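Worksheet for the structure shown next.
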Amino acid sequence: MSTAVITAWSAVSPYGTGRAPLAAGLRTRTAPPESAGPEEWTAQPAATARVVPGFEVREALGKAGTRGMDRLTGLAAVTVREVLSGEPPAGEDGDLGTGIVLGTASGSIQGFMEFTKASLEGERPIDVMPSRIPNMAMNRAASAGAIRHALKGPNTTVAAGRLSGLVALDQACRLLADGRAERMLAGSAEEFSATRAHLTRAAHGDGVVLGEGCVMVLLEHGDTATGEPLAEVLAVHHRVAPPGEFTAALTAAVRAALAEAGVPSGTVWAAVPGEAPGPAGEQERRVHEELFPADVRARAASVALLGETAAATGAYQLAALLSEPGEPGRIALVTATDPDGPVGCAVLRLLTEGESA
């Protein structure tokens, strides 16, 4: 079976809707503005975050089927629409179809809290808004994206914290290789909310600027791709590190991924870390310093520009590589660490000159 290739991608990010605003912001290394959300979002009166500007689910998707839809699902559904340009891929009715693998931390935390609160405060536990019940399924975002666009392939949600984007990419490549689909959408999403802000502050203290958004890529078989190949996915490797000891596990994951890809570390053109807060991110940066020279580490934009995007981080890293101009054939990699222990690496061969200015 041929290697999976990325033939399209898009995003909903703090830079705006679509891949062009994100690519432009990453190329120029310009951080999106921090903005104060509605009062009910904030963890404290002065709290700010890098949010998708002006994003409202019903305005972005219309009123049909969006009553009660949580923000995470809305972000994912709009991204699916953008990457497909509003139309299902050609041949959907006559082949194995297009599937989705979406990475998330744990679904919409804000939605879970609001639903539980309504159940506890109502006269009866069942006194909850019926339109919010679908949000209680972790697969809500992935399934809504498929239903709205009539996608008939495999539909999967993976929850792997800050590694969710890379695990989703790995799962999508496996489904393609196993012949389960003709095309796969893979990516990850994260929403900003008051609940997430409180949880992040409890874990990491003040000073962590939160971000949100969703990035998805369209994967096809390299020998039958209908779109222009943008990048070839050479390898994805992930494992779990012992508590607090990320260095050795991440180094091993990088070396395993490079070996599987069949490329030496000296040929890597760009390396993008996940910029996790705390010891996970600090040890990840040291691994990059030990393995790659400064020019390789500085070649693509840091996802820290977007704030702490949690589950969406890995997908944003892929976008950073796909946005960076250069000669076709460049070898690039991304790494990710999660404070709970997962670490991983993906190796790609970039096949185009990157996004046009």
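The values are calculated or read from the model by the stated rules, or taken from the named source; none is laboratory data. From a predicted model like this one, the values you see are computed outputs, not experimental measurements. With ideal geometry, Cβ positions are generated from the backbone for all residues, glycine too; neighbour counts draw on all protein chains shown. When the accessible area is computed, the model is the full protein with side chains, heavy atoms only, and any ligands, DNA or RNA have been set aside. Shrake-Rupley method; radii C 1.70, N 1.55, O 1.52, S 1.80 Å.
The table that follows gives values for the structure above.
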{"read-out": "Solvent-accessible surface (1.4 angstrom probe) belonging to ASP223, in square angstrom, nearest 10", "value": "110 Å²"}
{"read-out": "Carbon plus sulfur fraction of accessible area for the chain, probe 1.4 Å, in percent", "value": "53 percent"}
{"read-out": "Size of electric dipole in region 147-276: Cβ of Lys, Arg +1 and of Asp, Glu -1, about Cα centre, debye, nearest 20", "value": "320 debye"}
{"read-out": "Accessible surface ranking that places the most exposed of HIS288, HIS149, HIS237 first, with a 1.4 angstrom probe", "value": "HIS237, HIS149, HIS288"}
{"read-out": "Rounded if a/c under 1.5, otherwise prolate or oblate - region 101-222, Cα gyration tensor axes", "value": "oblate"}
{"read-out": "Solvent exposure ordering (accessible area, 1.4 Å, most first) of GLU34, GLU327, GLU284", "value": "GLU327, GLU34, GLU284"}
{"read-out": "For the chain, the fraction of alpha-carbon pairs in successive 20 Å shells from zero, as %", "value": "32, 59, 9, 0"}
{"read-out": "For the chain, share of DSSP beta bridges that run antiparallel, in % to the nearest 5", "value": "70 percent"}
{"read-out": "Assigned charges on the beta-carbon of Lys, Arg, Asp, Glu; the chain dipole about Cα centre (debye)", "value": "200 debye"}
{"read-out": "Helix-only mean residue ellipticity at 222 nm for the chain, each DSSP H run of n ≥ 4 adding -39500 (n - 2.57), per residue, nearest 500", "value": "-10000 deg cm²/dmol"}
{"read-out": "Region 152-278 shape via C-alpha gyration tensor axes, a/c threshold 1.5", "value": "oblate"}
{"read-out": "Inverse mean reciprocal Cα-Cα distance (Kirkwood Rh) of region 231-350, Å", "value": "13.9 Å"}
{"read-out": "Signed unit charges on C-beta, dipole axis of the chain, positive-most listed residue ALA159, THR309, ALA241", "value": "ALA159"}
